[in-house]
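Structure first, commentary second.
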Amino acid sequence: MNTNNIEKQNSHLDLQDQAVQDIFALYQDYPEVPYISKKRDKEGWLNAVRIGSEQLVPKRNMIRFEEDILPGHLILLWRIQFGTFTNESGYPKYFEYNYGINGPQALAEVIEKGYAVELSATDSLDYLNAAILKAILKHYEVAGYSKMKKPELMELAKQELSEEQLASQFPLRGYRITPEGEAILAKYPEVVDRHPKKKY
């Protein structure tokens, strides 16, 4: 059985499970087996592969770069680069089924490697709408905001409220790619070039 790098993404799997063994057999000649989530209907997926309605993760997507990341990590960085990705964003199915990665785990890894950072509450104000910004200002009894537009509300919040005050009022946080993240995207442009594009 192909257990290469199993501890990186698939340590949660029961290797005695016949469906798990059958999946691993499909990826026997891969550098490592793609991520298989706990929620996946393994038998259903295996049947779909047999009839051709589901495809295996391309082998090239399971080859790690020298930085110990997979192509899927680069797609996540590319996605973050648009400036709309937050801790409330969902992870499209393609992360698991086309790139073989666990989205939340991959996010933690690219942050740990310094390729992306989670923004502070202050820097995440742009993700809030005007009504929420006004509610926060009202909570702290800040005056003079009633006729303000969103950019003015953001500036007022930054002037009058501390990071700690803002952080206690909303859990939403954005992410930003770092120069190191931009550099690694530039190093392997073929990954993003192959990815189907749409606007975010």
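In this model, which of LYS59/LYS93; LYS113/LYS187; LYS8/LYS187; LYS8/LYS38; LYS39/LYS197 are farther than 20 Å apart at the alpha-carbon?
Table pairs above 20 Å Cα-Cα are LYS8/LYS187; LYS39/LYS197.
Under a cut-off of 24 Å between alpha-carbon atoms, report the lysines in cross-link reach of LYS149, not counting same-chain residues fewer than 8 places apart.
Once the sequence-local lysines are set aside, what remains near LYS149 is LYS134, LYS138, LYS158.
What is the distance, in nm, between label points placed 7 Å from the Cα along the Cα-to-Cβ direction at THR86 and at GLN16?
4.5
If I compute Kirkwood radius over Cα pairs in Å from the structure I just sent, which labelled value in (1) 23.0; (2) 19.3; (3) 17.3 lines up?
Checking each listed value against the structure points to (2).
Okay, helix-only estimate at 222 nm for the chain: each DSSP H run of n ≥ 4 adds -39500 (n - 2.57), divide by all residues, round to 500 deg cm²/dmol; what do you get?
Helix contribution divided over all residues of the chain: -12000 deg cm²/dmol.
Using R₀ = 25 Å, calculate the FRET efficiency as 1/(1 + (r/R₀)^6) where r is the Cβ-Cβ separation of ILE51 and GLU190; round to 0.05.
Once the sixth-power term is evaluated, E becomes 0.20.
Dipole of the chain (Lys/Arg Cβ +1, Asp/Glu Cβ -1, origin at the Cα centre): which of GLY114, TYR35, PRO151 lies farthest to the positive side?
PRO151
Restrict the search to the range 1-80; then list the trypsin sites (Lys or Arg not before Pro) that DSSP places in a loop and that have at most 12 other Cβ atoms within 10 Å of their Cβ.
The qualifying sites are LYS38, LYS39.
Leaving out ligands and nucleic acids, note down the accessible area per residue over the chain with a 1.4 angstrom probe, in whole Å².
Heavy-atom SASA per residue in the chain reads 54 Å².
Counting other Cβ atoms within 10 Å, which GluC sites (Glu not before Pro) in the range 40-94 have at most 15 and lie in a DSSP loop?
The qualifying sites are GLU54, GLU66, GLU67, GLU88.
Taking the range 70-165, which chymotrypsin sites (Phe, Trp or Tyr not before Pro) meet the DSSP loop condition and have no more than 14 other C-beta atoms within 10 Å?
Counting only loop positions with at most 14 other Cβ atoms within 10 Å, the chymotrypsin sites (Phe, Trp or Tyr not before Pro) in the range 70-165 are PHE82, TYR140.
The values are calculated or read from the model by the stated rules, or taken from the named source; none is laboratory data. All values reported here derive from a predicted model rather than from experimental measurement. For neighbour counting, all protein chains shown are included, and Cβ atoms are generated from backbone atoms with ideal geometry for every residue, glycine included. Note: areas computed on protein heavy atoms with side chains; ligands, DNA, RNA excluded. Shrake-Rupley method; radii C 1.70, N 1.55, O 1.52, S 1.80 Å.
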